[in-house]
1. Give me B:HIS131, C:HIS434 sorted ascending by neighbouring Cβ count inside 10 Å, so fewest comes first.
2. May I ask for the angle, rounded to the nearest 10°, between helix B:138-150 and the longest principal axis of chain B, with both axes built from Cα atoms and the value confined to 0 to 90°?
3. Averaging the inverse of every distinct alpha carbon separation and then flipping it gives the Kirkwood radius. What is it for chain A, in angstrom units?
4. What is the gain in length, in nm to one decimal, between A:LEU282 and A:THR122 on full extension, counting 0.36 nm per residue of separation less the C-alpha to C-alpha distance?
5. If you fit an axis through the alpha-carbon atoms of helix A:266-277 and take the longest principal axis of the Cα set of chain A, what angle between them do you get, 0 to 90°, nearest 10?
6. Just to be sure I understand: of the beta bridges DSSP finds with both ends in the protein assembly as shown, what percent are antiparallel, rounded to 5?
7. Looking only at A:ALA206, A:ALA57, A:ALA265, which one moves most when chain A is put into a Gaussian network model with springs between Cα atoms under 10 Å?
8. Helix-only estimate, please: 222 nm mean residue ellipticity of chain C, summing -39500 (n - 2.57) across DSSP H runs of length 4 or more and dividing by its residues, to the nearest 500.
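Read-outs throughout are calculated quantities, based only on the coordinates presented, and are distinct from any laboratory measurement. For clarity, every value in this text was computed on a predicted model and none was experimentally measured. All Cβ positions, glycine included, derive from the backbone under ideal geometry; neighbour counts span all protein chains shown.
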Amino acid sequence: MAALIQTLVFGLLIGGVYALMSTGLTLVFGVMKIVNMAQGAFLILSAYLTYSLWTYAGIDPLIGAFIVAPVMGLLGVILYKGIIERAQRIDAGLAIVATFALALILEAVTALIWGPEPATTTPDYFNQAVHIGSIAIPKAQLYACIFAVVITAGLAFIIKRTWLGHAITAASENPEGARLIGVEPARVGTWIFAISIATTAFGGAALSFLYQFVPDSQDGWIGLTLSVVILGGLGSIPGVVAGGLVLGVAEALTSNYVSVQWSTAVPFILILVVLTVRPQGLFALHSREDVSS
Amino acid sequence: MITLAGVCGGYGGLDILSAFELNVEPGTINCIIGPNGAGKSTVLKTVSGILRPRLGSIVVNGLDLVGKSPAEIVKFGVVQVPQRHGLFAGLTVRQNVMMGAYVARASKKRLDARYDELAGMFPIIGKRASHRAGGLSGGQRRMVEFARAMMLEPQVVLLDEPTLGLDPLSRGVIYESTRAMNEAGVTVLMVEQNVRFGLSLADTVTVMSAGRVVLTGTASEIERHPDLMGLFFGLAPETDQVAE
Amino acid sequence: MKRALLRGSAKRSSRLLALLIGVLALAAYPVLSDNLYVQNMLILTFILAIGASGWNIMGGYAGYISLGSSLFTGLGAYTAGILVADFGVPPFIGCLVGGVTAGVAAALLSLVTRRTRGMYFVIVTFAALQLFGLIARNWKSVTGGSSGLAMPLPMWNIAYQDWPFYYSLLVVLLAAIAVSVLIRRSKLGTGLFAIKDDEDKASGIGINAAAYKMIAFVLGSIFIGVAGGIYAYYISFITPAGMFDIVASVLMVLAALLGGRGTIWGPVLGAFIIEPLSELTTTSFGGPNAGSFRLLFFAGILVLVVLFLPKGLIPSISEALHNTARMGALRIARGSSSSGASARTQVAGERGASAMAGDALKVSGLTKSFGGVKAVNDVSLRVGAGSVTGLIGPNGSGKTTLFNLIDGTVTPKAGTVALAGTSIERASRARRAHAGLARTYQLPRLFDSLSVIENVVAPERRFSLTRLFLPRMSGDERDQALDVLAQFGLAGFADISPSDLSYGQRKLVELAQILSLDPVLVMLDEPAAGISPALTERLTAIIRNLNGQGIAILLVEHDLAFIAELCDNVFVMADGEVVAEGTVAELTGNAVVVDAYLGEPAALGIGKVKS
């Protein structure tokens, strides 16, 4: 019983981090209808930047994230304006191919800068734990999860309470109605990309002390973030939180009761199963128009 | 106040408006009526900047709006209330109304004061301020849309079939509210399918068919016009075709 | 006309000659030269060309992009590898079985994507590739895990070098190309292009999109699987990373996009450019960073192709060459369009002619709301067999929603729909079309990738596997379609793209198209809106003629004169409900109808009441 609770706690903590890592993906899809296949590469690049701040300046990853996030946001805007927006104008089907090509470019660039050796940051909390009764809570996971909750709450604040957030909601729900009050969906799109990639950078910072990473880990992370947003329903932000928690628990259970090796297959299996059975996601109330035929 | 001259335009190479002409006096309510597909809504879209006309000029209060972005046009004081689905279902009533000031983003205090002012005119936004807009009835939605359009004290409000899909009671409310906006100094240009409703409300009426004006006059002149009924049942005097 | 045909056949035979020379040169190369470097490069080029061509059947024809097609390379390789290593199956037999495994996997993935469209296919193929890579890595007892699986070395005489690989791959490539050609020329190809242009509309004319897509995906994947098996045997060592390789998938996409997706030779041309480039980068980028530079190089080209050459080389070049020629052809077509409008042709088949008694369409209690607003509320109406029934009502009264409910685009909350006495409210859209339900749209929807006459032949009256592999258009079908087009005054436009037609002409083509369904009932959504009086007159004659052949017609229209001329019975809708029924003469005097159009006077009385 204690082992099960331990597993669940671990799964929920990591699930919170998964939610943070996937929020950007669902936000971009919700408003722009683009599946950003470079999500994993943005995560890994952010992890490397955090890693460099840690190794060269001794900046804690959780602090370093606040330096990396604006840089990544800016990079997101440049790539959006330079490549993704154009590709989408030319052919929406090819835009997704372009984002994947971008992922490979970013992977190559990270490999050229940081080399193929596995990297990870090791702040002093990375291998400590808090004990509550017989349950051990690893500090790294705990801090990462708290961090995820704080950042996600910040993002929720921006979306719920600011002009920009309301403009994002307006443009995603009703582009023509938004134009009539002076909100240009294209301009909002640029902001969304900036915010999404910046949020992803926070996820990358958490990744940097939770996992070892190499440049080509990115395709595993695309799979993971895709499965989170598909579980929760593409485009839904509350869905991402639910999807992250479900995936975190499912992975923890698998690695505890099946094998660690097979736990990496869980996200991909979930993608295939959910899309077969319930393509609108596990938590959506209504089927989306763009899903059902 | 509003002058459209020689406006041609449409979608995907197909002209819906052909040399459309319109003149609206300041402070009046003007209603465009005409059968389906005549291009009524298209006229409003060219004024609000959603659709850029291929030819012609659209002058409001001395400024040519052709080529201006919808945001610039809103800022200039010309606001359109769309035909349907104008609200953002995920935002509250208050947030929806406040979005009417998006292009100005004035101080919170001034906007709050304006909101309270508008709540006097449209009581629903006072009573339901924190409700989700998605949960309102059709008539209530219209009121919220009207309030939103009024946020920045516009010169011109464009109404695209305001009574569409509404029950008679809500139509009455729309009638009163449109009057109230007009009395507050707003010039109204509206499109209406419900002809009797439009005629009862408007000072001047423009009847259009197949992208051009076929009749203009005061509401009472148009109401008595012998061709009116025929026009709506497709028995109009032959006009030029749109395509081929 | 004749000269154009001659020129066409001359062009075709010169193309065949070039193809023959190309194949012979490739076939002769290993015999004439013992340059193993080039031989190796050609072998890899064949593999990529097979991959790109296989990808192209789904990605190019049907428009469903896969980012995980090396999944099939891997499945083919591991199937062959396991069969050969563990069961002693002869290697080339193992490769063929590898193709079968790939086909089965594609069929299963088609079931996964059955309920989704567009980018979900990308996600599914990507996830499947990753999942199978993991399985190959983790299922050590069978696959050897990360350390891989060794294939036995070739047994043949060293003097034959790599000929068996070379020739078997060349044969597979030629087979893949042949199948691509056959699909393109078959009904299957027409359906796939229709799906790419407008899947929803394709279902509406009876095309079973799910089956088409599954067949296309399976066929393409089989070739990739066989090539994967041969590749495994060729490099004699199989690892998860080398076989289930996402970069290999991307190269297939790149080759197909660069050459021109949807064309037959584009993927092959792309492969012949990309693979030698790949060899070049392998030799010129040295050092530990070589892999990253290669990745950067190919991903960079992919971005450039998407942004600056989205159609690919072959279509872009042929467009540039034929632009002027096409303008000329168009002018000729326009010139001959006015003739032959009066020909009366029998278009209805066995079904329409046997005008059955009773109702062609019976709708009861149909209800649908959108976001709390009842768009269609408890609507019941009937269209008598062989009648022309009108449906009128002001904007937003629910007429188009009613059409969408009847044809299955939108699912009703309640109510029943019966076509000629058979209940169809639970049937798929394609099934409803097979049952004889046909409709047009306010803004005509045609397939721009197909010619006008192919659009007319595209509808499918029933689904049968054998039919899919019949030629795109038989002589009889062409003659029949030409007759219909001639009857509509469009004979001169048969072989151009519908995108070159005017709005009114497109409306007529759409009508001609749905008649190929041999419909029991035709629903026309504002057929006369926005077209000229001359065309309206022609339309009236066409509708009369169809009706004379026993086809029932439900007509939504605003032009009451048009309705009055054609309809026996008219229904009036307002605010989602049927408010009146009768002849036009009865209805124009009916206060309810006048109110529906002009608004109830009562509304104004209430309007004076303060809210």
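1. B:HIS131, C:HIS434
2. 80 degrees
3. After inverting the pairwise mean of 1/r, the radius is 19.3 Å.
4. The A:LEU282-A:THR122 span can extend by a further 54.0 nm.
5. Computed tilt is about 40 degrees.
6. Percent antiparallel among DSSP bridges in the protein assembly as shown is about 60.
7. A:ALA57
8. Estimated from H runs of four or more residues: -19000 deg cm²/dmol.
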